[in-house]
Ligand SMILES: *Cc1c(COP(=O)(O)O)cnc(C)c1O
């Protein structure tokens, strides 16, 4: 208890040179608030200590805390993550990493002014949607296109525009929930459309839809069951059948593709996801998909389809609330431009990771293993570094059952340190996320990006090195 009397008042701490240095850079109120937090933290720490600590020592501890608090807060909380999980479209890690052209566009348009809503030809007001609309028309064969904040917004806008206060018919097999609490029935409710469920979980026929049509029906709806697969005794209505039925009754057909690819991945045995152009050709009136799933661009909801329907959506007040900013448009344009060229899989990171061969991955894993052997294998905590076969996944609710044969670096740590080291690696900047298997760390090479190998060496050296230095009591306590 005696120590508490030694706690210096805030004024006295503010006069310290180290605080004065902080005040050169940081706001006064921000520094003061953190001085208080540091004093509180140290008060709690020393309250129960028996040994006497003098005022000077306490002040030094407070200043250490203060500098740490401010350093951490001033660094923000967003961190680059080295993705060793082998999940390509990891929703929690920001889905698609952007390609070079998309990033360049973001830099160019974000750092200055641009013709976002200005028609440079005529010198008058233009449309922000025009930039990517023409490209999307070119790439999908659709009559018109519109881009909103994300695919959830695209579905909401589509339903609200085409079916508010009226009925939308959906198969019970497609009332899906996508990660992040996107549920078709709930989005439907938000949109003001009335859901009419037909068929059963595993089998729905075109006749189920036909029988449900009445004077209140506004729309026939298909959702791509992106993150699961019903296997066995199943029937789902084909888009072409639905289009035929819609045409007989003068009803539009809307398909929520979820991922939706613009470029046929059949060559790599990845034909499962629908190609947007094929859905357009099959007659879907409205198709929605994400910008940051297999397309490999920024978060966005892309709507393509019939001109008349898209025009109605553009007029909907909701569009203003769901609109995308210039950075999204810049990144999306940069991504879509890659698709005008042959072999977009060479320049779009998501497609690179998806189409890379197992042979190439093996080669990369061997090179990385060798690099790690030469740099960190001698650290006392590292018992073994090896190359092993793994199965990677696409993620982001895409190709739910597909396993991609890949390779990983497998690291065996001494002394049961795996958990501790895994946690410390997550706390670095950049952070490293890995997988584990049978008490060993796995770092899948598929999802590593250029330059990540050097980062890996640095991170592992730092964390495994530090962990070896800290005496066991603390590491045991941290576990
Ligand atoms: C992912 C997905 C969505 C949601 O898309 P976001 O871009 O994440 O908003 C909607 N529907 C389906 C079928 C999806 O796969």
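The values are calculated or read from the model by the stated rules, or taken from the named source; none is laboratory data. Since we're looking at a predicted model, the values are computed, not measured. Because the Cβ atoms are built from the backbone with ideal geometry, glycine has one as well, and the counts that use them run over all protein chains shown.
Odds and ends about this structure:
- Residue 132 vs. criteria within 16 Å of the ligand (Cβ to nearest atom), part of a helix (DSSP H, G or I), buried (at least 18 other Cβ atoms within 10 Å of the Cβ) and on the phi < 0 side of the Ramachandran plot: yes
- Only residues that are closer than 14 Å to residue 69 by Cα and either in contact (Cβ under 8 Å) with a residue 12 or more places away in the chain or surrounded by 16 or more Cβ atoms within 10 Å (Cβ to Cβ) (or both) were counted in region 1-56, giving 15.
- Taken as a whole, the structure places residue 428 among residues that are touching a helix residue (DSSP H, G or I) at 6+ places or on another chain (Cβ under 6 Å) and in a loop (DSSP other than H, G, I, E, B).
- Condition check for residue 34: assigned to a helix (DSSP H, G or I) and touching a helix residue (DSSP H, G or I) at 6+ places or on another chain (Cβ under 9 Å): yes
- Scanning region 135-149 for residues that are closer than 24 Å to residue 119 by Cα and either in a helix (DSSP H, G or I) or within 16 Å of the ligand (Cβ to nearest atom) (or both) yields 135, 136, 137, 138, 139, 145, 146, 147, 148, 149.
- Qualifying residue in region 150-161 (condition: under 30 Å from the mean Cα position of the chain (by Cα), crowded, with 19+ Cβ neighbours inside 10 Å, part of a loop (DSSP other than H, G, I, E, B) and within 15 Å of the ligand (Cβ to nearest atom)): yes
- Residue list for region 178-210, filter: within 16 Å of the ligand (Cβ to nearest atom), in contact (Cβ under 8 Å) with a residue 24 or more places away in the chain and part of a strand (DSSP E or B): 178, 182, 195
- Qualifying positions in region 398-408 - crowded, with 23+ Cβ neighbours inside 10 Å and within 16 Å of the ligand (Cβ to nearest atom): 398, 399
- Checking each residue in region 348-366 for being surrounded by fewer than 19 Cβ atoms within 10 Å (Cβ to Cβ) and farther than 27 Å from residue 101 by Cβ picks out 358, 359, 362, 366.
- For the residues 412, 447, 422, the requirement of being buried (at least 23 other Cβ atoms within 10 Å of the Cβ) and in contact with a strand residue (DSSP E or B) (Cβ under 8 Å, 6 or more places away or on another chain) singles out 447.
- Some residue of region 62-81 being surrounded by 17 or more Cβ atoms within 10 Å (Cβ to Cβ) and over 24 Å from residue 19 (Cβ atoms): yes
- Selection from region 397-415 of residues that are under 18 Å from residue 376 (Cα atoms) and not in a strand (DSSP E or B): 414, 415
- Qualifying residue in region 367-381 (condition: more than 16 Å from the ligand (Cβ to nearest atom), surrounded by fewer than 18 Cβ atoms within 10 Å (Cβ to Cβ), assigned to a strand (DSSP E or B) and modelled with pLDDT of 95 or more): no
- Cβ-Cβ contacts under 8 Å between residues 6 or more apart (or on different chains), taken from a first residue in region 64-86 that is within 30 Å of residue 408 (Cα to Cα) to a second residue that is surrounded by fewer than 13 Cβ atoms within 10 Å (Cβ to Cβ) and at pLDDT 95 or above, are listed as 86/391.
- Any chance residue 335 is touching a residue at least 12 places away in the same chain (Cβ under 8 Å), within 16 Å of the ligand (Cβ to nearest atom), in a strand (DSSP E or B) and more than 16 Å from residue 128 (Cα to Cα): no
- Residue that is at pLDDT below 95, touching a helix residue (DSSP H, G or I) at 6+ places or on another chain (Cβ under 8 Å) and part of a helix (DSSP H, G or I), where the choices are 46, 53, 62, 70: 46
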